[in-house]
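One structure is given here, and the rest of the page talks about it.
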Amino acid sequence: MTARFHLDDGSVFVVIGSGAAGGTLSNELAQKGHKVVCLEAGPRLLLTDIVNDEAVMFEKLTWLDRRMATGKPDPNFPVWGCKTVGGTTMHWTGACPRIEPHEMRARTTYGDLPDTTLVDWPVTPEEIAPWYDKAEVRMGVTGKHGMPFLPAGNNTKVLEAGARLCGYTDIDTHNMAINSVEYQDRPPCQQLGFCTSGCAVGAKWSTLYTEIPRAEATGKFELRPESMVTAIDLDDAGRVASVTYLSKGKTVTQKCRAVSVAGNVVETTRLLLNNRSARFPNGLANRSGLVGRNYMRHFTIQVMGVMPGKVNFHRQTHLAGVVRDERAHRPERGFAGGFLISTVPFTPEILAKNMMIGGWGDDLTSVLDKYDHLAGMLLTGEDPPQLSNGITLHPTERDGYGLPVPVIHYEDHPNTIAMKTYAWKAGRRIYEALGAEKVVEMGDYIPATHNMGTARMGTDPKASVCTTYGRTHDVENLFVSDGSLFPTSAGCNPTLTIVALVLRQAEHIDGQIRAGKL
């Protein structure tokens, strides 16, 4: 049953955000018997609210409050995140690769990459391995722990055929948190092809209908949707005492024993930076000066082939096809790190935004006329952390909540540019090997979906914001739980790692509460 906690109940643990990090942490702590209040800025949808219409679901799911950007990102839409219960687990594609050991030892592996802040992860591959296992079982990841792989759709078959002709061998339908068989009372994937618009059948793991309902069933959890957090309040000793938020036009304050910020990187960073005080003049938990710095987003470029026969690439699970061979670190290619090659369909709005910018006449329309002949791939690679890439607050612009508008600044590192150049050529070769009539390099996917790094974890308080358990160095009962913790980005989708770290974090928090330290 759903609990209701009093605003003066200082024994509750407050979680800000209900996505992969916040939803999972909320459930874990509730399952361990702790009282949890989860504050989510967006509304709570029902499964029946999800429809197979990209435009409708974009409006229902997307965080559309004003954000600004300088440098490379689209100044009007730099980040594609969700403002709804379930967070970005509503529109993610479900891909769940693990970070490779060599990527976790980035500084050791890649050496001194100029103008970067590369470090080795403070959590070793051996430490995180059992938490990856737990996360994969929890999420029902295919190809792991007895869960069958998803079937290959036509887009995947095209990718695999071309990749094998090019000498690639590490190919399958990806490790996906999308049911290939019935699992945890949720049906298998129906191959509807609307993965980034919510999953109408619930086959894709989302905290909306997995972690949140299970937390509610404990009687120890209260979800408060449409609650936009504006302040984390400290007592005279410098500990978190309460959280203030806006709900239905009113300002509300909830007392608490501790707080975890899990609002996805942009909102987590904004909240910390906006909480300035005499104790923290540069933002909450920011004595290191690193809150908002080292922002990473991966490079994600797209290649499309016009194939001789029909593909209908939109009729399958989006990323259920992957080539891993280029993920390895091979410096002879001219760059450090690696990238994944995955299937992806290009929905009409993506084509409208990214395809052949400046194209005209037959050159453009001949491609669109053969939409059912198109094959598509997404190449996702590691981008190194740079102090110059980050999130700040605009000094004068405010959003509808009266909060400073976040400003995202990002520029590609020369290593990223070299990797992208190589990756484009690799993608082109795959489709040309199959006799594609035309190959279109669509360029970068501009709105970032993999946001990482603005509150990095580490052991040195001067060189990091949080400990290896996500506890901020400066405030002992304040935690960060999302991708902000990542010290490097690795060459893969981040969600599985976020969930694994949160499961590890929840065990730590449970121990601290039971020991009377929180």
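What number of residues within the stretch 168-185 are surrounded by fewer than 20 Cβ atoms within 10 Å (Cβ to Cβ) and free of Cβ contacts under 8 Å to residues at least 60 places away in the same chain?
5
If you scan the stretch 78-109, which residues turn out to be of a type in the set (A, V, I, L, M), assigned to a loop (DSSP other than H, G, I, E, B) and over 30 Å from VAL56 (Cα atoms)?
ILE99
Scan the stretch 105-145 for residues that are among the aliphatic types (A, V, I, L, M) and buried (at least 23 other Cβ atoms within 10 Å of the Cβ) and jot them down.
Hits for the stretch 105-145 are ALA106, ALA135, MET139, VAL141.
If you check ALA436 against the conditions, is it out of contact with any Cys (no Cβ under 6 Å at 6 or more places or on another chain), within 25 Å of TRP92 (Cα to Cα) and either buried (at least 22 other Cβ atoms within 10 Å of the Cβ) or at pLDDT 95 or above (or both)?
no
Looking at GLY202, is it in a loop (DSSP other than H, G, I, E, B) and touching a helix residue (DSSP H, G or I) at 6+ places or on another chain (Cβ under 7 Å)?
Considered against the rule, which asks whether it is in a loop (DSSP other than H, G, I, E, B) and touching a helix residue (DSSP H, G or I) at 6+ places or on another chain (Cβ under 7 Å), GLY202 comes out as yes.
Quick check, is GLY458 in contact (Cβ under 8 Å) with a residue 60 or more places away in the chain and buried (at least 16 other Cβ atoms within 10 Å of the Cβ)?
In short, yes.
Being at pLDDT 95 or above, out of contact with any helix residue (DSSP H, G or I) (no Cβ under 8 Å at 6 or more places or on another chain), farther than 30 Å from ILE513 by Cα and not in a loop (DSSP other than H, G, I, E, B) is the requirement here; does THR380 meet it?
Criteria met by THR380.
Please give the number of the condition ASP112 fails out of (1) without any contact (Cβ under 8 Å) to a residue 12 or more places away in the chain; (2) assigned to a loop (DSSP other than H, G, I, E, B); (3) under 20 Å from the mean Cα position of the chain (by Cα).
Every condition holds for ASP112 apart from (3).
What are the residue pairs meeting all of these: first residue in the stretch 201-230, first residue closer than 24 Å to ASN179 by Cβ, second residue among the aromatic types (Phe, Trp, Tyr) and in a loop (DSSP other than H, G, I, E, B), Cβ atoms under 7 Å, and 6 or more apart or on different chains?
Once the first residue is closer than 24 Å to ASN179 by Cβ and sits in the stretch 201-230, its partners that are among the aromatic types (Phe, Trp, Tyr) and in a loop (DSSP other than H, G, I, E, B) give GLY202/TYR209.
Return only the number of the condition from (1) part of a strand (DSSP E or B); (2) farther than 24 Å from GLU28 by Cβ that HIS174 does not satisfy.
(1)
How many residues are out of contact with any Asp or Glu (no Cβ under 9 Å at 6 or more places or on another chain) and on the phi > 0 side of the Ramachandran plot if we restrict to the stretch 85-110?
1
Hey, among the residues in the stretch 314-355 that are assigned to a helix (DSSP H, G or I) and modelled with pLDDT of 95 or more, which one's surrounded by the most Cβ atoms within 10 Å (Cβ to Cβ)?
Residue satisfying both the conditions and the ranking: ARG327.
The values are calculated or read from the model by the stated rules, or taken from the named source; none is laboratory data. Please read all numbers here as calculations on a predicted model, not as lab measurements. Glycine also receives a Cβ, built like all others from the backbone with ideal geometry; neighbour counts cover every protein chain displayed.
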